[in-house]
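Only one structure is covered here, and it is reproduced in the block below.
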Amino acid sequence: MNEIKNKIITVSGEPVSGKSTVVKRLKEKYEAMGYTVHVILTGHFFRDIIMEEYFKMYPDRKDANLADVQADETFAHKRNEIDKLVDEEMRKKGIEINSKERPNDVYIIDSRLAWHNIPHSYAVRLTIDESMAGKRAFADETRGPEDSYKTVEEAIRKTRERKLGEIERYKERYGVDLSDPENYDLIVDTAYSNTNELADIIIEGEKSYRQGQYYPKRWASPASFIGTQSDRATAGPSGMYRCTPEELAAIMREEGYDPEKGEIEILENYGQKFVKDGHHTCMATLIIGKTLVPYIVDKDEGSNARMQAEQNNINFAYDWSDCIRYYGGKIGNHSQFKDFSIEKLTSYESRIKGMLEKLQGNNSGDGR
């Protein structure tokens, strides 16, 4: 007897990574395609229960937000009970959904652990830089009082605490690392992304998953990378077509955008992603209206990435931000890139500065 595999998309994500927004867009798109869509938001379910129980236990702590509650060890036993309740409900729901074939239905589940509790779901993980996450949380007036903050700095700190607290809690309780990319079929850094485009990527990825076809796993905005060549080199003819970004964009429009052919090669060092190959492709995709590109990580080039970081990272960062502003803002007409600068590189504050501090410490000769 064949195993039943219905269209189930499980969306996990870091705080303020845009899960709720993309779930709404997915629902709209699938309904336009004629599907009956079922949305299950376990995060809201969990949040409502946990805040209600916390205020019952501590009525004098009305100013507490969700990060405070998750970090409060005196409330850990009750939090554990609520976690188990939510997880068990998801496991039962998965069994119910796959009890028979449902060709006309789509299930979209916003849950930290639904990918683990519901086998054969298309597992999506959304990520975002900690600094940008905090700024988003601070500026979002639609969030409830449990997610409100007095300053941007507090929002960044609390959002980071919430993210790390979730990861540690799931490691301890289930032996599961939420940040492990091997747990997911699709991982998208949502900084500077377009929600409509993100939803299309998830839909195409899920379709390929059901058909047993390859689809790129990792996606991010070019603003999440640092180039490893000058802006002059990026603007000139290069790549397999030996053409400029504008000319490559014209080819993409004519032949259609192929994500597999457009995968960028990335080097990682100190948590920062450096473009090894694909500078022109990044800019061409911005020109044709896209804000996300697929990438693969070259794990055998660590020493090369370190060399690039130590020798030229700031020059590359300035050149790269200039290219994003020009190709993404001026030519591609993306509003978020029209006044782009090095300070707006999503990893600049939390990663590049830290990387430079490490490098300065390594070169100081203090022996530490």
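The values are calculated or read from the model by the stated rules, or taken from the named source; none is laboratory data. Keep in mind that what you see is a predicted model, and the values were worked out from it rather than measured. Cβ placement follows ideal geometry from the backbone for every residue including glycine, while neighbour counts extend to all protein chains displayed.
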Listed residues ASP60, ASP87; which is of a type outside the set (Gly, Ala, Ser) and under 28 Å from the mean Cα position of the chain (by Cα)?
-> ASP87
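Filter the range 1-41 down to residues that are in a loop (DSSP other than H, G, I, E, B), surrounded by fewer than 21 Cβ atoms within 10 Å (Cβ to Cβ) and polar (S, T, N, Q) and give me whichever is nearest to the chain's Cα centre (by Cα).
Checked the range 1-41; the qualifying residue nearest to the chain's Cα centre (by Cα) is ASN6.
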Report yes if some residue within the range 231-252 is in contact with a Phe, Trp or Tyr (Cβ under 6 Å, 6 or more places away or on another chain) and within 27 Å of TYR122 (Cβ to Cβ); otherwise report no.
-> no
A careful count of residues in the range 49-70 that are over 23 Å from GLU154 (Cβ atoms) and part of a helix (DSSP H, G or I) gives 5
Residues of the range 94-139 being in a strand (DSSP E or B) and of a type in the set (D, E, K, R), which ones?
-> ASP105, ASP110, ARG125
Where ARG173 falls short, out of the listed (1) touching a strand residue (DSSP E or B) at 6+ places or on another chain (Cβ under 7 Å); (2) basic (Lys, Arg); (3) surrounded by fewer than 20 Cβ atoms within 10 Å (Cβ to Cβ) | (1)
Can you find a residue in the range 30-42 that is of a type in the set (Val, Ile, Thr) and modelled with pLDDT under 85?
-> yes
Kindly check whether there is at least one residue in the range 92-109 that is buried (at least 18 other Cβ atoms within 10 Å of the Cβ), in the same structural domain as ASP48 (by TED's automatic domain parsing), in contact with a strand residue (DSSP E or B) (Cβ under 6 Å, 6 or more places away or on another chain) and closer than 22 Å to PRO15 by Cβ.
-> yes
Yes or no: ILE324 in a helix (DSSP H, G or I), at pLDDT 85 or above and either in the same structural domain as ARG253 (by TED's automatic domain parsing) or farther than 21 Å from ILE201 by Cα (or both)?
-> yes
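Conditions tested, residue by residue: (1) loosely packed, with under 15 Cβ neighbours inside 10 Å; (2) assigned by TED's automatic domain parsing to the domain that holds GLU255; (3) in a helix (DSSP H, G or I); (4) at pLDDT 60 or above.
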{"position": "HIS280", "(1), (2), (3), (4)": "no, yes, yes, yes"}
{"position": "MET283", "(1), (2), (3), (4)": "no, yes, yes, yes"}
{"position": "LYS290", "(1), (2), (3), (4)": "no, yes, no, yes"}
{"position": "ASN312", "(1), (2), (3), (4)": "no, yes, yes, no"}
Taking the range 338-347 only, how many residues are surrounded by fewer than 20 Cβ atoms within 10 Å (Cβ to Cβ) and either at pLDDT below 55 or in contact with a Lys or Arg (Cβ under 8 Å, 6 or more places away or on another chain) (or both)?
-> 3
Any idea which of GLU172, GLU197, GLU206 is out of contact with any Gly (no Cβ under 7 Å at 6 or more places or on another chain), in the same structural domain as GLN70 (by TED's automatic domain parsing) and without any contact (Cβ under 8 Å) to a residue 60 or more places away in the chain?
-> GLU172
Give just the number: which of (1) out of contact with any His (no Cβ under 7 Å at 6 or more places or on another chain); (2) crowded, with 20+ Cβ neighbours inside 10 Å does THR234 not satisfy?
-> (1)
